[in-house]
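> Before I ask anything, here is the structure I am working with.
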Amino acid sequence: MKKLVLVSAVASALAIPALAQAAEESAHTVSANVGVFSNYIFRGVTQTSEELALQGGIDYSHASGLYLGTWGSNISWLNDAGSYGYTASSLELDLYGGYKGTFAKDFAFDVGAIYYYYPGEQARGFVSPNTTEIYGALSWKWLSAKLSYSLSEYFANMDSEGTYYFDVSANIPVADTGLTVLAHAGYLNVAGTPGGVSNDDLYGYTDWKLGVSYALPKNVTVGAYYTDTNAEEIPYTFGGINWADKQMAVYLQRTF
């Protein structure tokens, strides 16, 4: 009996560091995602000329609220437009980090920065599409509002530092069905008046989106959404396609 008690005591003592280590490790979370989309639409504008996109990312978060991540997708708009000086560019790579937390029941905040990077070969004398934004967001349950502000020229628009995008989104779960309804509206104000012409008059717009997603086993999600904008047709039309016109996307995505 004494031996049994001694063995139990030793086992408990040995388990304490292991439990402490497990608790410490649980403060760090790494996740990944990959998905196939029939169309990559960013702020109401197609980035792939309404063609297929393969997307994926990796995220790290700490229990303190700090997070870092990277995400990528194939794109075609730099080549399709033919006016950005690119001879080869088919990738968007986003690098981001920030801090998020809660401050009241069901209320949360998120502040951070993101860098949109487009590797490729670009001739001299053209405005780089690489863009840096800072952002801040507030959310309540399934409702959120976010403001993004550009610290650099906004996606190759000349003298457009200070561009901002404000959007409101709702992701409403439908009871315990696995269905989620998405509603979104955004407003883009493009700063700058190069050559005396307002960037906002040319490129600014309001966009909206409606969609639905369904959660499948093994962290798989399927979904579809419809989006449209009131953007001017000419600045966003290339190769006979209005990139900011009404369009739809369906997707299959998995998280790990």
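> Tell me whether segment 115-132 contains one or more residues that are assigned to a strand (DSSP E or B) and of a type in the set (Gly, Ala, Ser).
Narrowing segment 115-132 to residues assigned to a strand (DSSP E or B): 115-117, 121-122, 131-132.
Filter again for of a type in the set (Gly, Ala, Ser), leaving none.
No, the conditions are met nowhere in segment 115-132.
> Can you pull out every residue in segment 227-256 that is under 21 Å from Phe155 (Cα atoms) and touching a residue at least 60 places away in the same chain (Cβ under 8 Å)?
Answer for segment 227-256, where residues must be under 21 Å from Phe155 (Cα atoms) and touching a residue at least 60 places away in the same chain (Cβ under 8 Å): Thr227, Asp228, Thr229, Ala231, Tyr236, Phe238, Gly239, Ile241, Trp243, Ala244.
> Related question: If you scan segment 73-108, which residues turn out to be in contact (Cβ under 8 Å) with a residue 24 or more places away in the chain, assigned to a strand (DSSP E or B) and more than 18 Å from Asp59 (Cα to Cα)? Break it down into steps so the answer makes sense when it comes.
In the first step, residues of segment 73-108 are kept if they are in contact (Cβ under 8 Å) with a residue 24 or more places away in the chain; the result is 73-78, 80-82, 84-101, 106-108.
Still in the list and also assigned to a strand (DSSP E or B): 73-74, 86-88, 91-101, 107-108.
Those that are in contact (Cβ under 8 Å) with a residue 24 or more places away in the chain, assigned to a strand (DSSP E or B) and more than 18 Å from Asp59 (Cα to Cα): Asn74, Tyr86, Thr87, Ala88, Leu91, Phe107, Ala108.
> Restricting to segment 1-57, name every residue that is assigned to a loop (DSSP other than H, G, I, E, B), of a type in the set (A, V, I, L, M, F, W, C), modelled with pLDDT of 50 or more and over 30 Å from Thr237 (Cα atoms).
Hit for segment 1-57 is Ala27, nothing else.
> Which of the residues belonging to segment 58-72 are part of a strand (DSSP E or B) and out of contact with any Gly (no Cβ under 8 Å at 6 or more places or on another chain)?
Result: Ser61, His62.
> Residue check: is Ser73 at pLDDT 95 or above, crowded, with 16+ Cβ neighbours inside 10 Å, under 20 Å from Tyr154 (Cα atoms) and polar (S, T, N, Q)?
For Ser73, the condition - at pLDDT 95 or above, crowded, with 16+ Cβ neighbours inside 10 Å, under 20 Å from Tyr154 (Cα atoms) and polar (S, T, N, Q) - is met.
> Would you confirm whether or not segment 196-209 contains a residue that is more than 21 Å from the chain's Cα centre (by Cα), not hydroxyl-bearing (Ser, Thr, Tyr) and not in a helix (DSSP H, G or I)?
Yes, that holds for at least one residue.
> Conditions first: (1) out of contact with any Pro (no Cβ under 7 Å at 6 or more places or on another chain); (2) over 23 Å from Gly240 (Cβ atoms). Tyr118 passes all but one, so which condition is the exception?
(1) is the only condition that Tyr118 fails.
The values are calculated or read from the model by the stated rules, or taken from the named source; none is laboratory data. Note that this is a predicted model, so its numbers are computed, not measured. Note: ideal-geometry Cβ built from the backbone for every residue, glycine included; neighbour counts use all protein chains shown.
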